[in-house]
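Data first, discussion second: the structure below is written as structure tokens.
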Amino acid sequence: MVDEEGNIIIPVEYSYIYDYCEGMTSANLNRGKNAYFDIEGNKVTSFRYDTTRDFHEGVAVVGIGNYKDGSLVEGVINKHGNEIIPLIFDFISDFYGGYALVGYGNGNDKYVSTSKQIGILKLPNDFYKDDGSTEFISVILNGSKIFFDQDPIIDSDRVLVPLRAIIEATGAELTWSEGGEVTVLKGGTKIELKIGEKQAFLNGEKCDLDVPAQIISGRTLVPVRFISQCLYYNVEWNPDTQTVTISQ
């Protein structure tokens, strides 16, 4: 996605990006979950939603699950990515004048007209406010932002990031073996670690990890400082901006 001057605001990382509406768009990564971005290309939500709609009157209806098997539930977010209406309804129409139709209890049929219970939903008076619940950790490598399909997390005061994305960004090679063993190779450096274990090996020498590698939403997350420093990068953490800066 580019702006009017041809500057890239959302990189070519996604399977599909929808048109902007009210300064917001959603993008799909690897034909999986969807996330929202603002007009400046900043991620507003995580890749959490199976269904997304255009913003209308400052809000958007989002869903998790699949309408075909009856598991879809819908809620509403604002432009800060806050879930101002929880994902508990079978169906929510777009809002008009601050009101929307909602349906609940219709099993596999996701149409409000056939819902067992139908009601009218009113937006909260303060729906536009930011409750601060959607802060994201950013990772900058040599001046370029790394984009993840699973957000980095903080565990025991350590930042963990998706392994494949950080390895590909550094130009290293990644191999897997049965039993959750991971090997990273770059030049003469070899890093070996195993999911769930606090011991790793750097060029055959044992290293202790404060936090082990772990799997979240099908992605392997690893301590970013350990991996980066093993590959001879400098790492800085800014807690105020929630930003990891990696440089060489």
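No value in this document is a laboratory result; all are computed from the given coordinates. For clarity, every value in this text was computed on a predicted model and none was experimentally measured. Here the Cβ positions follow ideal geometry from the backbone for every residue, glycine too, while neighbour counts run over all protein chains shown.
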**Request:** Compute the Cα gyration tensor for the chain, then decide on rounded, prolate or oblate, letting a ≥ b ≥ c be the square roots of its eigenvalues: rounded whenever a/c is under 1.5, prolate when a/b is larger than b/c in the other cases, and oblate in all that remain.
**Result:** prolate
**Request:** Assign one of three labels to the stretch 157-230, namely rounded, prolate or oblate, based on the Cα gyration tensor with a ≥ b ≥ c the square roots of its eigenvalues; rounded applies when a/c is under 1.5, prolate when it is not and a/b is larger than b/c, and oblate otherwise.
**Result:** rounded
**Asked** So how strong a dipole does the stretch 156-248 carry about its Cα centre when Lys and Arg Cβ are +1 and Asp and Glu Cβ are -1, to the nearest 20 debye?
**Response** 100 debye
**Message:** How big is the dipole moment of the chain about its Cα centre under a simple scheme where the beta carbon of each Lys and Arg is +1, that of each Asp and Glu is -1, and everything else is neutral? Debye, nearest 20, please.
**Reply:** 600 debye
**Message:** Could you order the peptides 57-67, 213-223 from most to least packed, using the average number of other C-beta atoms within 10 Å per residue?
**Reply:** 57-67, 213-223
**Request:** With only Lys, Arg, Asp and Glu charged, each at its Cβ (+1 for the first two, -1 for the last two), find how big the charge dipole of the stretch 116-215 is about the Cα centre; round to the nearest 20 debye.
**Result:** 260 debye
**Asked** In percent, what relative contact order does the chain have, based on Cα pairs under 8 Å that are 6 or more apart in sequence?
**Response** 10 percent
**Asked** Is it possible to state the helix-based mean residue ellipticity at 222 nm for the chain, with each DSSP H run of 4+ residues giving -39500 (n - 2.57), the sum divided by total residues, to the nearest 500 deg cm²/dmol? What is it?
**Response** -1500 deg cm²/dmol
